[in-house]
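A.B. asks: Sharing a structure with you now.
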Amino acid sequence: MSAHAPGGPDDRTTIVEPLIFDKSRPGHRAAAIEAPGVQTASATELLSGTALRQRPPTLPELAEPEVVRHYTRLSHMNHAVDLGFYPLGSCTMKYNPKVNDELASLPGFTRLHPYQAEEDVQGTLELMWELEQALLAVTGMCRASLQPAAGAHGELVGILMVRAYHRDHGGADRDTVIVPDSAHGTNLATANMAGYRVVELPSSDRGLVDLTTLAEALSERTAAVMLTNPNTLGLFEDDILEITRLAHEAGALVYYDGANLNAIMGKARPGDMGMDVVHMNLHKTFSTPHGGGGPGAGPVAVCARLEPYLPTPLVAQRVTPDPGADEPGGARFHLVYDHPSSIGRVRGFYGNVGVLVRAYAYMVRLGGNGLLRASEDAVLNANYLRVRLRDAYDVPYDRMCMHEFVASASRQKHTAGVTARDIAKRLLDFGIHSPTVYFPLNVPEAIMIEPTETESRDTLDSFVDAMLQIDHETRHEPTIVLEAPHVTPVRRPDETLAAREPVLRWRPQAVRLQAVHTAERT
Ligand SMILES: *Cc1c(COP(=O)(O)O)cnc(C)c1O
């Protein structure tokens, strides 16, 4: 479908797959099932007048194979980790093993209803309980909630617990959260959303928290220090124990953003570093799909003093199984709604259980040693790329990194006006998703690269080849890079327009075509 000559002059506005509405032909059907002898009640008989629409909906009319082919073709126009390398820094876009999906699709999970009685869902509760234990083993914390539906949601839950804790311990006027400038953007947003004043802590010239600056920032007004560790430069905080000690001395709690725990799992535990609360992203570290804003899970684990504040329901194990239940051995697991100091409910029902099943499958399959090995490979892969790219690209903090590192396109910009954005676009021509660009903010023209542990040496080498070729083009033929991508179905849409005035609805005829062409403006 996308027969573009690379760099061909007019393919800028070509969208090669028409909308399904344009493919529609009156009278085309997937199937027409006649049910002889069965009397079907008409809609008018079943529904009252007000619930009935006045006109039939405008639905496309197509045969089933056309529908399947349409969506399959569309799915090929996007990038996916199942199609190519996806080194999106801070997002841990690693391969998600298919066995996770298979297990999560077992009817014993998919056919449950959230209102089913506890004794009917013992298997799921047991899985949730075991997953919690596994996450506690990895983090060294005391208790966890699996409820939050995303990393940022886990952060919010964590900070709400911090606030509840201070309220109960004479710290109600602690109104400030300290966030290093190397933190993930959601940390600041979370603190802000929870009503805190945010103090941004400038990093040292080594890209780390500076203890003197931190000590000066801490006060009796500090509720928490929120740390992303390894930070967004991919660097582990050398003084982590000192950081928690200083914060605790000032009466503050310490939040550990463990979204990308694949840098440290099996090696170091936030609990041992003195952390009070930590969230982790199952849709990163524990290989569950990111789902394009769809269901994720950001469990949040706490130390003993925050345990009373965890959201409900919590999964608990009965010491004496309930003899009434027909499970062999009785109902051993139950949900706790009565947790007196709890911050309350944060999510409907049990959380995103399908995601929890996948993460559990991943952890059980790898086991402790496998998780440790995953961390080692993630760190090895990132360092391999850092060392292989550092002659062509600036690497401002060029020392041993964790699961990711930050390069910069400053040199390319200076030489030929080629920016991080242009390089990101050009990589698409190689079938590679862009790294994270322009983040973190403390590196100009940042290109934040996270290969993840699931990629082979061959894949890493082909990425290096692409990056080196782009650097070469920058010096000899910069227009190739400046006008990239050349082979994607959509080239350079106007990103601002696409975000500000997204065209999300089908409307008949000309209005829509116009919108598509406008969005394609370079
Ligand atoms: C991805 C990420 C988050 C946010 O997680 P979401 O699930 O996208 O809300 C927070 N912190 C870090 C370090 C991350 O990488």
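The values are calculated or read from the model by the stated rules, or taken from the named source; none is laboratory data. All figures in this text were calculated on a predicted structure; none of them were measured in a lab. Glycine also receives a Cβ, built like all others from the backbone with ideal geometry; neighbour counts cover every protein chain displayed. Heads up: the accessible areas ignore ligands, DNA and RNA and are worked out on the full protein's heavy atoms, side chains in. Shrake-Rupley method; radii C 1.70, N 1.55, O 1.52, S 1.80 Å.
A.B. asks: For residues in region 208-244 being within 15 Å of the ligand (Cβ to nearest atom) and not aliphatic (A, V, I, L, M), which is farthest from residue 161 (Cα to Cα)?
C.D. replies: 234
A.B. asks: Quick check: is even one residue across region 189-201 of a type in the set (Ser, Thr, Tyr), within 16 Å of the ligand (Cβ to nearest atom), touching a helix residue (DSSP H, G or I) at 6+ places or on another chain (Cβ under 9 Å) and under 15 Å from residue 277 (Cβ atoms)?
C.D. replies: The answer is yes; a qualifying residue exists.
A.B. asks: Which of the residues spanning region 248-258 are surrounded by 24 or more Cβ atoms within 10 Å (Cβ to Cβ) and either away from the ligand (no atom under 16 Å from the Cβ) or outside any strand (DSSP E or B) (or both)?
C.D. replies: Result: 252, 253.
A.B. asks: In addition: Could you list, ordered by first residue, the pairs with Cβ atoms under 6 Å in which the first is in region 185-206 and part of a helix (DSSP H, G or I) and the second is more than 14 Å from the ligand (Cβ to nearest atom), at least 6 apart or interchain?
C.D. replies: Partner pairs satisfying both residue conditions: 188/198; 191/177; 191/198; 192/198.
A.B. asks: Looking for whichever is at pLDDT 95 or above and touching a Leu at 6+ places or on another chain (Cβ under 9 Å) here; the options are 411, 390, 386, 373. Which one fits?
C.D. replies: It is 373.
A.B. asks: OK, next. Got a sec? Which of 282, 261 is under 21 Å from residue 405 (Cβ atoms), open to solvent by less than 10 Å² (accessible area, probe 1.4 Å) and within 11 Å of the ligand (Cβ to nearest atom)?
C.D. replies: Criteria check complete, one pass: 261.
A.B. asks: Here's something else I'd like to know. Of the conditions (1) within 30 Å of residue 367 (Cβ to Cβ); (2) part of a loop (DSSP other than H, G, I, E, B); (3) within 16 Å of the ligand (Cβ to nearest atom), residue 266 satisfies every one except a single condition; which number is it?
C.D. replies: All conditions pass for residue 266, except number (3).
A.B. asks: All but one of (1) within 30 Å of residue 448 (Cβ to Cβ); (2) modelled with pLDDT of 80 or more; (3) open to solvent by 60 Å² or more (accessible area, probe 1.4 Å) hold for residue 25; state the number of the condition that does not hold.
C.D. replies: Only one criterion is unmet by residue 25, namely (1).
A.B. asks: Here is a further query. Restricted to region 442-493, and to residues that are outside any loop (DSSP other than H, G, I, E, B) and hydroxyl-bearing (Ser, Thr, Tyr), which residue is nearest to residue 379 (Cα to Cα)?
C.D. replies: It comes out as 459.
A.B. asks: Given the criterion of a type outside the set (A, V, I, L, M) and at pLDDT 95 or above, identify the matching residue among 34, 102, 64.
C.D. replies: Answer to the selection: 102.
A.B. asks: Now for a different question. Taking region 162-188, which residues are within 16 Å of the ligand (Cβ to nearest atom) and not β-branched (Val, Ile, Thr)?
C.D. replies: 180, 181, 182, 183, 184, 185, 187, 188
A.B. asks: Shifting gears a bit: Can residue 92 be described as within 28 Å of the chain's Cα centre (by Cα) and free of Cβ contacts under 8 Å to residues at least 40 places away in the same chain?
C.D. replies: Answer is no for this residue.
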